[in-house]
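Participant: Questions regarding the structure given below will be posed in turn.
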């Protein structure tokens, strides 16, 4: 029998092995820090360690990085407090430090204070770490003794390597199998990835599995035996089916209540089953099996005398059990795969010099148990003579083997100390490999060296008393409170906690609230649906929270001080994500904002990751309508059906949208994906809409998190599509359950919100008020989940790969025991009050509360809860409050904050503008294609058709920005390839037209466009000065010539006046918008060529002026030029060309070298005018522009 000692931190023995059981809220971390101070001091007394220790000599192990950081800071702070207490007696913060100080003389105090201060400053190098980090350090520092390679790469995610080993097994053992065996295997695992999922939980136990025969032999033997037994089962049914059909037909004729359509279907299924050797199960429903059994037949004949006798009735009753007992090689094949894959996986890791987190522990444990183990253990003890192991209830067998090998728990040496600190009542991490039975092994090893912390410093007296009452009531059950036996003989005994209490108290409407309230729903009429009950109790919980927050008198009183209740004072504990969603939806409906503190969910598994992939695909390929439409249809961008439909109908709006996505692509290429996504989000007003909507903050947080991760990934990836593939891969990994800490969903807000948190995540935390709405939840049993893991009476781990194995009941018992421990964690989180929903779910009996209450059904629930309450005045039992639908007045939550007004002086505007920007004050093109796109987009819409163009003519070719861009791109290609060469090779020209036109749905235009383009290239075009030249003639040309003009405070009105005065006979035209250009004027000239010593500017216009060539008169083209202000465009183009030639061409003279501008209306090539508008602005205009644009330069 174990002997338990109350712990006194000042006299706790610091030698040998000791186990401290620290109940919830009893100051475990405070105790660790106190023992650390004593070890650093090396203070006097029989219980002290043999010598004083430095921080690097004291090993402190906990189980998470966050806990490590917190523990290090707490120890550092405690050392500083101790140093101050030794320097100045009045600064001692508690009796512990006062007592320590009293043990030293006045002469010793300064030296002890200096040592404590030095230790506090030394904490950055202290041996405070996670178990994995410590094992890695030991393996690296003792490579010779541990047999570990000097250079090991720690790989955080070995999923792909594991899956590759599974695929290797599949190739090695499945491909050679005969067809029958392959079909059998595919019934269990359709592909290697399905097998990999089945092996995921089995591989950790592969070393415990017995060897298995080769799958081919195993399958062959099992199939042969199964076929033999199945044939014997089917043999009589060929005759029986016909006999039963006759029997049932005759019975119906005699008035027996039998439905022919039913029994015909059953008998047809049995007939097909017996006739086909490959069919294993006849596929009958449970109802069919029951009605064809002897009992079902008697029921059918009960009004018609004695039922008939037939051997088929007894056979059908025995058929299901017989089919279930047919030989099945699944477990043997799975065992072979697990052992083979585990070995291959380990070999590959060694070959690559890689190691995973679990490998760190396994390799150190193996080294300590190997030939050099004693020497390695001695070296570790010498470096870390004292080890303090926190959260020891979450240990596993491998971790315990390590510490036992180093410090010998059962028979420890006097020159070292191992202190294990934990609470078996809070062992709730079995899904991570934690094993409470390992803890119990250590507890037995420390049977006479057990200590307890049992004074609660967290909660009020009433809260502690209420929790004590619940588990004292549970301890009356046959298995005790925690299902490890009752009373003093229990391995996990329940001892009522003592309470220090709190000076503050919680009040609501001026009255104190019961520390523990048990809500129950009334017994349902008929069979209740779990979903309805969960929704109702969530609504009641949310309504209560809203009422508390709306109550100005709800808060915490300490003496005369009163602190109002805030949303962050409330935590709602749930078991699963689905429960969290139900609660948050109910809170949101009542205007109560909340935050979900999830576990390890990956942001790449969110809906926003899938939307983001669609956005990136659209930005990477903005000219692909399908991708852009998919992006626009995502929920986050917020376009409704009407807006999406309008884009399909309004060509101008659609082209503007495509232009916007082209701009995103350029931002992506120039600045990165993160700036691009920020542009996209703000253009579609996503932040404002999300922050104003329920759940929008979560969406926005995930989007920004994903954008940051993609920006990081883009540093090592080439191109947009590589990043899209990376995102798709990350989403797939997340769907497969693979993630790491950097990808875990972030907290969406640190604002004052109600916290919805899983019970697992809440462990170690505390909250003023706690709600546990789904107190009767229990995990559903999965009879097919493998492996089945349980422990025998000696605490040894057992497992089975057989569905519904005998150990499954034992495994279910252990599951329920852990749920009871989860209930203990939940009921010990609150400082002041807890509300628990006790709904009569169908899971009540299997739940933790079901164990506490004993065997109880829904009708008995109120009486049993009253029995639980007994005479405890700190527990209230009540019906679940009726939910309301009022919303919390958000205006009352806090005062409105006034934004500060910026006072910085505005900077002088500097921008990059284009010709189109001069007219529309729009953006700036970054590419020739975008420049064309903007220009075509701004063309005036044609008037309604008076006559239809001839089919197949260029006048019937589609109009709009997409068609205009297509024609410009085609001409650019021809120019770069050489107009003359293209004109001479009609087949090549037609192939290129076909390649470009077909994807756009213009296949019927290939031949007309080919002829049109060849005509355009070879037809002499009129030029200024009365000369003509075909595009195929010049040998010196430059397509899509980019230019930049510096502009210093250029007044657009002055620019407009000059152009209007000197072009097109000063004809009236639309005025430019007043503006000032400061920066750069940028553009792309479609074509510049030299002919007979003069340089000409050519610009292509796809404008549709009419249904045939007669519409392209000089007057019509002049009108189109004036309406669109194209003359401003060609003046600027010629001005840019003038400056270029002046800088580059020796002896340049405007009158001699500039030929002028020719604007080619592409659809008018067959007209008498050839669809060409020409003009050569006078030298006077160019020189005036030169002076206008040089003002800033001269300054």
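The values are calculated or read from the model by the stated rules, or taken from the named source; none is laboratory data. Predicted, not measured: the structure shown is a model, and the values here were computed from it. Heads up, the Cβs are rebuilt from the backbone with ideal geometry, glycines too, and the neighbour counts pull from every protein chain shown.
Participant: Here's a check for you: in region 968-986, which residue that is over 45 Å from the mean Cα position of the chain (by Cα) and touching a residue at least 60 places away in the same chain (Cβ under 8 Å) is surrounded by the fewest Cβ atoms within 10 Å (Cβ to Cβ)?
Facilitator: 976
Participant: Tell me yes or no: at least one residue of region 359-375 is touching a helix residue (DSSP H, G or I) at 6+ places or on another chain (Cβ under 7 Å) and within 23 Å of residue 7 (Cα to Cα).
Facilitator: No, region 359-375 contains no residue that is touching a helix residue (DSSP H, G or I) at 6+ places or on another chain (Cβ under 7 Å) and within 23 Å of residue 7 (Cα to Cα).
Participant: For region 295-392, please list each of the helices (runs of 4 or more DSSP H) lying entirely inside it that holds at least 3 residues being outside the structural domain of residue 256 (by TED's automatic domain parsing) and modelled with pLDDT of 90 or more.
Facilitator: In region 295-392, 357-368, 373-383 are the helices (runs of 4 or more DSSP H) which contain 3 or more residues that are outside the structural domain of residue 256 (by TED's automatic domain parsing) and modelled with pLDDT of 90 or more.
Participant: Do we have residue 387 as surrounded by fewer than 19 Cβ atoms within 10 Å (Cβ to Cβ), over 36 Å from the mean Cα position of the chain (by Cα) and over 30 Å from residue 513 (Cα atoms) here?
Facilitator: no
Participant: Identify all residues within region 405-427 that are in contact with a strand residue (DSSP E or B) (Cβ under 6 Å, 6 or more places away or on another chain), assigned to a loop (DSSP other than H, G, I, E, B) and under 25 Å from residue 820 (Cα atoms); write none if there are none.
Facilitator: Across region 405-427, the qualifying residue is only 423.
Participant: All but one of (1) assigned to a strand (DSSP E or B); (2) within 30 Å of residue 454 (Cα to Cα) hold for residue 798; state the number of the condition that does not hold.
Facilitator: With (1) assigned to a strand (DSSP E or B); (2) within 30 Å of residue 454 (Cα to Cα) applied to residue 798, the lone miss is (2).
Participant: Please determine, by comparing only the residues of region 390-405 that are within 21 Å of residue 56 (Cβ to Cβ) and in contact (Cβ under 8 Å) with a residue 60 or more places away in the chain, which one is surrounded by the most Cβ atoms within 10 Å (Cβ to Cβ).
Facilitator: Among those that are within 21 Å of residue 56 (Cβ to Cβ) and in contact (Cβ under 8 Å) with a residue 60 or more places away in the chain, it is 402.
Participant: Restricting attention to region 546-585, report how many residues are crowded, with 16+ Cβ neighbours inside 10 Å, without any contact (Cβ under 8 Å) to a residue 60 or more places away in the chain and within 23 Å of the chain's Cα centre (by Cα).
Facilitator: 2
Participant: Considering only region 492-512, how many residues are more than 16 Å from residue 560 (Cα to Cα) and not in a strand (DSSP E or B)?
Facilitator: Summing the residues that are more than 16 Å from residue 560 (Cα to Cα) and not in a strand (DSSP E or B) in region 492-512 gives 9.
Participant: Which residues, counting only those in region 428-467, are in a loop (DSSP other than H, G, I, E, B) and either modelled with pLDDT of 95 or more or in contact with a strand residue (DSSP E or B) (Cβ under 7 Å, 6 or more places away or on another chain) (or both)?
Facilitator: 446, 449, 454, 458, 459, 460 - these are the residues of region 428-467 that are in a loop (DSSP other than H, G, I, E, B) and either modelled with pLDDT of 95 or more or in contact with a strand residue (DSSP E or B) (Cβ under 7 Å, 6 or more places away or on another chain) (or both).
Participant: Something else: Collect the residues in region 1165-1195 that are under 30 Å from residue 967 (Cα atoms) and either outside the structural domain of residue 1102 (by TED's automatic domain parsing) or touching a strand residue (DSSP E or B) at 6+ places or on another chain (Cβ under 8 Å) (or both), keeping them in residue-number order.
Facilitator: Within region 1165-1195, 1169, 1170, 1171, 1172, 1173, 1174, 1175, 1176, 1177 qualify.
Participant: Now a separate question. Please pick out the residue among 298, 290 that is over 26 Å from residue 228 (Cα atoms) and over 49 Å from the mean Cα position of the chain (by Cα).
Facilitator: Answer to the check: 298.
Participant: Moving on. Of the residues 1112, 1100, which single one is within 21 Å of residue 1030 (Cα to Cα) and buried (at least 23 other Cβ atoms within 10 Å of the Cβ)?
Facilitator: That would be 1112, the only listed residue that is within 21 Å of residue 1030 (Cα to Cα) and buried (at least 23 other Cβ atoms within 10 Å of the Cβ).
Participant: Based on this model, can you work out whether residue 686 counts as under 29 Å from residue 715 (Cα atoms), in contact (Cβ under 8 Å) with a residue 24 or more places away in the chain, under 21 Å from the mean Cα position of the chain (by Cα) and crowded, with 19+ Cβ neighbours inside 10 Å?
Facilitator: Taking the combined requirement at face value, the residue satisfies it.
Participant: Report whether or not residue 1098 is outside any helix (DSSP H, G or I) and either touching a helix residue (DSSP H, G or I) at 6+ places or on another chain (Cβ under 8 Å) or at pLDDT 95 or above (or both).
Facilitator: yes
Participant: Between a residue in region 302-322 that is more than 13 Å from residue 236 (Cβ to Cβ) and any residue that is assigned to a loop (DSSP other than H, G, I, E, B), which pairs come within a Cβ distance under 8 Å, given they are 6 or more apart or on different chains?
Facilitator: As it stands, the answer is 303/257; 304/254; 304/255; 304/256; 307/301; 308/301; 317/293, since those pairs meet every condition given.
Participant: Quick one: residue 580 ticks every box in (1) in the same structural domain as residue 761 (by TED's automatic domain parsing); (2) closer than 23 Å to residue 757 by Cβ; (3) in contact with a strand residue (DSSP E or B) (Cβ under 9 Å, 6 or more places away or on another chain); (4) assigned to a loop (DSSP other than H, G, I, E, B) except a single one, so which number is it?
Facilitator: Status for residue 580: all satisfied but (4).
Residue-by-condition table, conditions (1) under 51 Å from the mean Cα position of the chain (by Cα); (2) exposed (fewer than 13 other Cβ atoms within 10 Å of the Cβ):
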| residue | (1), (2) |
| --- | --- |
| 237 | no, no |
| 242 | no, yes |
| 248 | no, no |
| 253 | no, yes |
| 264 | no, no |
| 275 | yes, yes |
| 279 | yes, no |
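Participant: Yes or no: residue 75 without any contact (Cβ under 8 Å) to a residue 60 or more places away in the chain and in a helix (DSSP H, G or I)?
Facilitator: Judged against the criteria, residue 75 is a match.
Participant: For region 1078-1096, which positions are touching a residue at least 60 places away in the same chain (Cβ under 8 Å) and under 55 Å from the mean Cα position of the chain (by Cα)?
Facilitator: Correct list: 1078, 1079, 1080, 1081, 1082, 1083, 1084, 1086, 1087.
Participant: Could I ask something else about it? Of the residues that make up region 1023-1043, is at least one exposed (fewer than 13 other Cβ atoms within 10 Å of the Cβ), in the same structural domain as residue 950 (by TED's automatic domain parsing) and in contact with a strand residue (DSSP E or B) (Cβ under 6 Å, 6 or more places away or on another chain)?
Facilitator: Yes: one or more hits.
Participant: If you go through region 1115-1127, how many residues are touching a helix residue (DSSP H, G or I) at 6+ places or on another chain (Cβ under 7 Å), surrounded by fewer than 23 Cβ atoms within 10 Å (Cβ to Cβ) and farther than 16 Å from residue 1169 by Cβ?
Facilitator: 2
Participant: Applying the selection to region 425-436, what residues are surrounded by fewer than 21 Cβ atoms within 10 Å (Cβ to Cβ) and closer than 18 Å to residue 18 by Cα?
Facilitator: none
Participant: Now for a separate question. Residue check: is residue 632 surrounded by 19 or more Cβ atoms within 10 Å (Cβ to Cβ) and closer than 27 Å to residue 997 by Cβ?
Facilitator: Spelling it out, residue 632 is indeed surrounded by 19 or more Cβ atoms within 10 Å (Cβ to Cβ) and closer than 27 Å to residue 997 by Cβ.
Participant: Does region 6-28 contain any residue that is closer than 23 Å to residue 104 by Cβ and exposed (fewer than 15 other Cβ atoms within 10 Å of the Cβ)?
Facilitator: Checked against the condition, which is being closer than 23 Å to residue 104 by Cβ and exposed (fewer than 15 other Cβ atoms within 10 Å of the Cβ), region 6-28 yields at least one hit.
Participant: While we're on this one: Exactly one of (1) more than 50 Å from the chain's Cα centre (by Cα); (2) at pLDDT below 90; (3) assigned to a strand (DSSP E or B) is unmet by residue 1074. Its number?
Facilitator: Result: residue 1074 passes all but (3).
Participant: Pick from 989, 1013, 1058: which is over 56 Å from the mean Cα position of the chain (by Cα) and part of a helix (DSSP H, G or I)?
Facilitator: Checking each option against the conditions leaves just 1058.
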